[in-house]
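Enquirer: The structure's right below; bear with me while I get my questions together.
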Amino acid sequence: MQRQKVLVLYLANSALDSPVVAWAVYDGTGSTRTMAGDQDEPPFATGLAALKAGWRLFQAAQILPHTRGQEFELSYLKYEFFFEQLVEIDA
Amino acid sequence: MSGLPLLSAEQMASFVARGFLRFDAVVPDEINQQFMDAIGEIAPAVPGQKLRRTYGEILARADIPQVGAGKPLSGTYPQGSAINRLLNLPLVAGAIRSLVGEAPVFDHHFLHVTFPPAYHEGGESVSQHTHQDSTIDPRQAFDLQIMYYPHKVTRPMGGTRFVPGTHLRKVSEVALGRYQNIRGQQHMVCEAGTLLFLHSGIWHGGGVNLSDETRTMFKVRINPSRTQVRQFDLETLKPQTEQRPIFYLKGPLPPSVEQTLMTPESWFEQDTGRLEFVNRIQLWRYLTDDPTYDADYWLTRLENNPAMA
């Protein structure tokens, strides 16, 4: 039986080899319980480093044009990349 | 002049850039103890009792007033009460005056109690998702949130987590809860009597308490009612005579308001980090009532439109 582990990396720009500025891990195996504020250093220096460690990229944020008149409005982190690992667990 | 020890231009610039000012162990022990006495003893974990009920009992019993929103701050707390005394400490009164001006208004307060694992029977000890308080707030004006730590907070106790420099982002409360960790996040590990003054937009959350002691923090949100403009110590505001050199530098530049405003946070994205600088300059213009102010030429360049002249 397999369960999904999800790694979300927020990078400094749209390139996968740019530095990690924020991150999250959600572990569907239940073997670890991650949460907000539990790690002050990122698990990988870049998105590329996560690929090299075997994480599979399955979603990347689009690069969207800026809405006229709102060019300086900032809200959520922009360069979001979702990775997964499929982990075998005992039935 | 108010006679209060107002914040300096450098402190104000730091608040504009990073969204917080921290004052360690500035509340006298006597006030800290008075506040803890007002809360009363927190009962040990009761098997089978829901945490919500335990919390409700603490709030009901504490000698802290239930107050309607929108009243003058000056009349919110009884004379001689711990919070009244705290708000009247010169450092605190001067900082409030500097940040939200004269006649500030009470918005709300809350007693945040974070319980050790023993209280979470049948549930989980987890930290609070990172969020921005209230709701989407498009104003240039801002509210002030004072976080008061009446007792020592150790790292195992969790502490308030906050992310410097996030306050100028317009987000919708906990929509950002997905971000578990952000570079440069800080955890309020501190001595008793520490105060954290926060811009109302800062991203923050309560850290999980893995110790065997209850953690207590008291928060007061304060609105401006008159002007927030030029309320700090203007004698410390040096006139800007020219723009600093940018990019091609032969060495580090000396400390200045501009240096503070142009210092990035470690979580800044490369392109939007520049927009953060633009937004900091806009907030500084607002607080100093100087619509021509610029730092490192960011807005001068964008506002240079000869065809409109």
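The values are calculated or read from the model by the stated rules, or taken from the named source; none is laboratory data. Treat the numbers as computed from the prediction; the structure is a model and nothing was measured. In this analysis, Cβ positions are derived from the backbone assuming ideal geometry, glycine residues included, and neighbour counts consider all displayed protein chains.
Enquirer: How do the pairs read when you match residues in region B:102-113 that are closer than 23 Å to B:THR214 by Cα with residues anywhere that are of a type in the set (Phe, Trp, Tyr), using Cβ under 6 Å and keeping only pairs 6 or more apart or on different chains?
Expert: From region B:102-113, the pairs are B:LEU111/B:PHE218.
Enquirer: Hey, another quick one. State whether the residues of region B:166-182 include one that is at pLDDT 95 or above, facing chain A (nearest Cβ under 10 Å), assigned to a strand (DSSP E or B) and closer than 29 Å to A:LEU77 by Cβ.
Expert: yes
Enquirer: Would you mention how many residues in region A:28-76 are surrounded by 10 or more Cβ atoms within 10 Å (Cβ to Cβ), closer than 29 Å to B:GLY158 by Cβ and within 14 Å of chain B (Cβ to nearest Cβ)?
Expert: 16
Enquirer: In region A:1-25, which residues are within 13 Å of chain B (Cβ to nearest Cβ), of a type outside the set (Val, Ile, Thr) and buried (at least 16 other Cβ atoms within 10 Å of the Cβ)?
Expert: Scanning region A:1-25 gives A:LEU7, A:LEU9, A:TYR10, A:LEU11, A:ALA12, A:ASN13, A:SER14, A:SER18, A:PRO19, A:ALA22, A:TRP23, A:ALA24.
Enquirer: Scan region B:195-209 and report the pairs whose first residue is within 14 Å of another protein chain (Cβ to nearest Cβ) and whose second residue is of a type in the set (Asp, Glu), with Cβ atoms within less than 7 Å and a gap of 6+ or a chain change.
Expert: Close Cβ pairs satisfying both conditions: B:GLY201/B:ASP137.
Enquirer: Hey, can you tell me all the residues within region B:67-84 that are part of a helix (DSSP H, G or I) and either without any contact (Cβ under 8 Å) to a residue 24 or more places away in the chain or β-branched (Val, Ile, Thr) (or both)?
Expert: If the condition is that a residue be part of a helix (DSSP H, G or I) and either without any contact (Cβ under 8 Å) to a residue 24 or more places away in the chain or β-branched (Val, Ile, Thr) (or both), then B:GLY75, B:ILE83, B:ASN84 are the ones that fit.
Enquirer: Still on this structure, I have one more. List every residue pair whose Cβ atoms sit under 6 Å apart, with the two residues 6 or more apart in sequence or on different chains, where the first one lies in region A:1-18 and is acidic (Asp, Glu) and the second, anywhere, is modelled with pLDDT of 95 or more and assigned to a strand (DSSP E or B).
Expert: A:ASP17/A:THR46
Enquirer: What is the one condition in (1) crowded, with 20+ Cβ neighbours inside 10 Å; (2) touching a residue at least 40 places away in the same chain (Cβ under 8 Å) that B:ASP289 does not satisfy?
Expert: (1)
Listed here are the residues, each with its yes/no results for (1) touching a Lys or Arg at 6+ places or on another chain (Cβ under 7 Å); (2) surrounded by 16 or more Cβ atoms within 10 Å (Cβ to Cβ).
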{"residue": "B:PHE106", "(1), (2)": "yes, yes"}
{"residue": "B:PHE110", "(1), (2)": "yes, no"}
{"residue": "B:PRO117", "(1), (2)": "no, no"}
{"residue": "B:GLY122", "(1), (2)": "no, no"}
{"residue": "B:ASP133", "(1), (2)": "no, yes"}
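Enquirer: Here's something else I'd like to know. Among the residues of region B:245-273, how many are within 14 Å of chain A (Cβ to nearest Cβ) and either assigned to a loop (DSSP other than H, G, I, E, B) or within 19 Å of B:LEU21 (Cβ to Cβ) (or both)?
Expert: Number of matching residues: 8.
Enquirer: For region A:31-65, how many residues meet the condition of being in a loop (DSSP other than H, G, I, E, B) and over 27 Å from B:ARG161 (Cβ atoms)?
Expert: Counting residues in region A:31-65 that are in a loop (DSSP other than H, G, I, E, B) and over 27 Å from B:ARG161 (Cβ atoms) gives 5.
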